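Written out below as structure tokens is the structure these notes cover.
The values are calculated or read from the model by the stated rules, or taken from the named source; none is laboratory data. Remember, predicted model here, so these are calculated numbers, not experimental data. Neighbour counts run over all protein chains shown; Cβ positions are idealised from the backbone, glycine included. Please note that ligands, DNA and RNA were not included when accessible areas were found on the heavy atoms of the full protein model with its side chains. Shrake-Rupley method; radii C 1.70, N 1.55, O 1.52, S 1.80 Å.
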Amino acid sequence: MDEVRIKQAREIVRENLDHPALLDQITDEEDLVTAGVNSGEIIRVALGCENHLDRPLTDLELSRITSVRSVANLLAQDSDSVSPLETGA
């Protein structure tokens, strides 16, 4: 996993936590809810991802936001996709 994506993911998660210092105790693979992140914070993380990606998340993508790494995977997956508008097709 690209270190830049992990850093971006941690930043998105941190910005949307009620207590950002909690993220310092969470590993990249650790389940966010098990680590103490509440449902409202998870929703804000999803909104942060949407803002970063400049598009709505699919239901499947929303269901996969479970860890910092899952957020990083979402960011990486989206950067690998190129829309027809970007290619001029």
Item checked: Condition met for Thr66 (assigned to a loop (DSSP other than H, G, I, E, B) and open to solvent by less than 90 Å² (accessible area, probe 1.4 Å)) -> yes
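Has region 69-86 got at least one residue that is in a loop (DSSP other than H, G, I, E, B), at pLDDT below 95 and β-branched (Val, Ile, Thr)? Even if it seems obvious, please write down each step before you answer.
Keep residues of region 69-86 that are in a loop (DSSP other than H, G, I, E, B), which gives 81-83.
Now narrow it down to the ones that are at pLDDT below 95: 81-83.
Retained after the next criterion (residues that are β-branched (Val, Ile, Thr)): 82.
The answer is yes; a qualifying residue exists.
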Checklist line | Those residues of region 1-60 which are within 18 Å of Ala76 (Cβ to Cβ), assigned to a helix (DSSP H, G or I) and open to solvent by less than 30 Å² (accessible area, probe 1.4 Å), in sequence order | finding: Ile6, Ala9, Ile12, Val13, Val45, Ala46, Gly48, Cys49, Leu53
